[in-house]
Amino acid sequence: MTRQEILNELKKVISPYTTNKEMLAGINENTDLIKDLKINSANLVDIIIDAESNYDIEIDYDDADKMMNVGSCIDIISQKIAQK
Amino acid sequence: MSRRVVITGMGVVSPNGIGIPAFLDALQKGTSGVKFMPHYRDLNFSCQVAGMPNFKWENLSNYLSEVTLHGLKGTNIGYGLVAALDAWADSGMGYETDEPRWETACVFGNSIADTEAMKNVIAKVDNKEVKKLGSRVVEQAMNSGVTSYISGRLGLANKVITNSAACATGTQAILMGYEYIKHGYAKRVLTGSAEHVDTYVYGAFDSMRVLSRKFNDEPEKASRPMSITAGGFIPGSGAGALVLEDLEFAQARGAKIYAEVLGGSTNSGGQRLGGTMTAPNPVGVSRCILESLNNSGIKPRQIDLISGHLTGTNADKLEIQNWFDTLSLKKENFPLINSLKSMIGHCLSAAGSIETVASVLQIVHNFVHPNINLDDPNPEITAMINRENIPVEIIKKEVNIVAKANFGFGDVNSCLILSKYK
């Protein structure tokens, strides 16, 4: 999966957790999940759980802590896919 | 200066009607909301009928953001939210606010989280998949879940309190709301209660053999308060909500006023003198009713209608005895008495709030709703009070004062005195 493909897929994963659909449509690697997409910090764990099932990967707590913006989410997800 | 407390908005999720217009229509027609539950038959329950609101979960998208709705599983929370937000809109106020509403409290009752939703949580934990639970379990498992969702949606920022007193929860919540305004702590209180009797809670009552089991093929006849053929109560689910306001505060914003809360009382019989975990001590009941009348400045003769607890068990005749002994009125001066449970079953924690909404509607629209399924009243009851006092047809008459009481497990009592606003 390319970074762009992961990003496109990530939009679907994030969608139920943000009301800011316009911002979501235009996200890039620098988009911050909490500051830009106004996602409740408690919901980040739900996004990680959904990403795990969506990409069939496991994300440990330390890696999950790094997933604060779209770019770092793609970093972790692509790394985990590569390890499969 | 003594403050007056008025009701300026109401909302309801009842087995026989969702929203005030549908509920009012059902009350006037005596429409039952009790339905056959095939699932309960499959589970070998003795009682297989329940009062179930015709609730469309997807309609919650009219009340909540997509983000909040995603992951919401607690049925009790859904019921409470709809009743509370409808009451809020009914009182003429909008949902949105950036500023916390410091003057508005929320006292909302609840009994237990949705056990059916929690079953999924238990299964995941037992299956060593705790990591998959996510962030939304705790907020729905906590007993204050309903209150937290309501106050969060509306920005309510005065006292936010979840009360729980079994079947007395609803009337107790309204009484607490009344007291906070009366004592000057809050200008406005969004109050009420919610209950979802899920399969597991229902099963526990079924096992106690306190449910009606002889009318499974005639669900609408199953809930029979005060009837000689009443064989137990019918569990019901739903929610009722009321906006209470300081009279002057309500008038200042030009709010419509439904009725006034004159006072009330909540106590316990101490599980002594005949009172137990499941049975009321008559002395406690009597004290609760008298204290309500005293602090409302009302004489027994002034009561037009008693909205009883009257669930359809053996305790009905004891309740009538308690009212009769406490009010010390002659038979011919005894007020009319009715039980909404004949139509919707016993909504446990939500009973008091739904029945209070019904009481206020009877005050506003000048009628007394029928007791359905009372073609065969218990002779021990009609030996105490006249048959005409327990109407089986709607009575259109001026209703000024209603005494609304509920009695719950733990020997807890709660009574409200409601009045036409004059």
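Structure above, values below:
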| read-out | value |
| --- | --- |
| Calculated from backbone phi, Karplus (6.51, -1.76, 1.60) coupling profile of region B:177-188 in Hz, x at Gly/Pro | x, 4, 5, 5, 6, 4, 8, x, 6, 9, 8, 8 |
| Length-normalised contact order for chain A - Cα pairs under 8 Å, 6+ apart - percent | 35 percent |
| Length-normalised contact order for chain B - Cα pairs under 8 Å, 6+ apart - percent | 24 percent |
| Rounded to whole Hz, the Karplus (6.51, -1.76, 1.60) HN-Hα couplings of region A:20-35, x for glycine and proline | 8, 5, 5, 4, 4, 4, x, 5, 9, 5, 8, 5, 8, 5, 7, 6 |
| For B:Y421, distant residues with modelled amide H under 5 Å away | B:E260 |
| Low-density loop positions, trypsin sites (Lys or Arg not before Pro), region B:88-164 - DSSP coil, at most 15 other Cβ in 10 Å | B:K128 |
| Among beta bridges that DSSP assigns inside chain B, antiparallel share in %, nearest 5 | 65 percent |
| At most 11 other Cβ within 10 Å, DSSP loop - trypsin sites (Lys or Arg not before Pro), region B:169-266 | B:R209 |
| Rounded to the nearest 20 debye, dipole of region A:3-83 from Cβ charges on Lys, Arg, Asp, Glu | 380 debye |
| B:S65 versus B:A22: modelled label distance in nm, points set 7 Å from Cα along the beta carbon direction | 2.8 nm |
| DSSP-defined beta bridges in the protein assembly as shown - what % are antiparallel, rounded to 5 | 70 percent |
| Reachable aspartates and glutamates, given that their alpha-carbon falls under 16 Å from the alpha-carbon of A:K21 and they are not under 8 places away in the same chain | A:E9, A:D32, A:D36, B:E66 |
| Dipole of region A:1-79, positive direction: furthest Cα of A:T19, A:C73, A:N54, with charges on the beta-carbon | A:T19 |
| Rounded Å value of the spacing that divides the Cα centres of region A:64-83 and region B:64-104 | 36 Å |
| Computed [θ] at 222 nm, deg cm²/dmol, chain A (DSSP H ≥ 4; -39,500 (n - 2.57); rounded to nearest 500) | -17000 deg cm²/dmol |
| Simple Cβ-charge dipole of chain B, Lys/Arg +1 and Asp/Glu -1, about Cα centre, in debye nearest 20 | 420 debye |
| Diffusion coefficient, µm² s⁻¹, Stokes-Einstein with Kirkwood Rh over alpha-carbon pairs of chain B at 37 °C and 0.692 mPa s | 154 µm²/s |
| Chain A: DSSP helices with Cα axial extent of at least 18 Å and average Kyte-Doolittle hydropathy no lower than -0.5 | A:70-83 |
| Antiparallel bridges, percent of DSSP beta bridges restricted to region B:264-419 (to nearest 5) | 70 percent |
| Modelled FRET efficiency - R0 60 Å, A:S15 with B:E398, Cβ distances, 0.05 increments | 0.60 |
| Simple label model, 7 Å out from Cα along Cβ direction - B:R253 to B:E58, nm | 3.3 nm |
| Sites A:S41 and B:N143 - FRET efficiency at Förster radius 25 Å, r taken between beta-carbons, to 0.05 | 0.55 |
| Per-pair calculated FRET efficiency, R0 = 56 Å: A:T2 and B:E103 via Cβ, rounded to 0.05 | 0.55 |
| Residue-wise HN-Hα coupling along region B:377-387, computed from phi with Karplus coefficients 6.51, -1.76, 1.60 (Hz; x: Gly, Pro) | x, 5, x, 5, 7, 6, 6, 8, 10, 5, 4 |
| Shielding by partners - mean other protein chain Cβ count within 10 Å, residues of B:329-336 | 0 |
| Among B:10-23, B:195-208, the order from most to least packed when residues are scored by Cβ within 10 Å on average | B:10-23, B:195-208 |
| Relative contact order (%) - criterion: Cα under 8 Å, at least six apart; region: region B:15-95 | 25 percent |
| Chain lengthening between B:K132 and B:L43 when straightened (0.36 nm per residue, less Cα-Cα) | 29.1 nm |
| Charge dipole magnitude, Cβ of K and R +1, D and E -1 - the protein assembly as shown, Cα centre, debye nearest 20 | 1480 debye |
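Coordinate-derived values only; no laboratory data. None of these values were measured; they are calculated from a predicted model. Every residue, glycine as well, gets a Cβ built from its backbone with ideal geometry; the counts of neighbours run over all protein chains shown.
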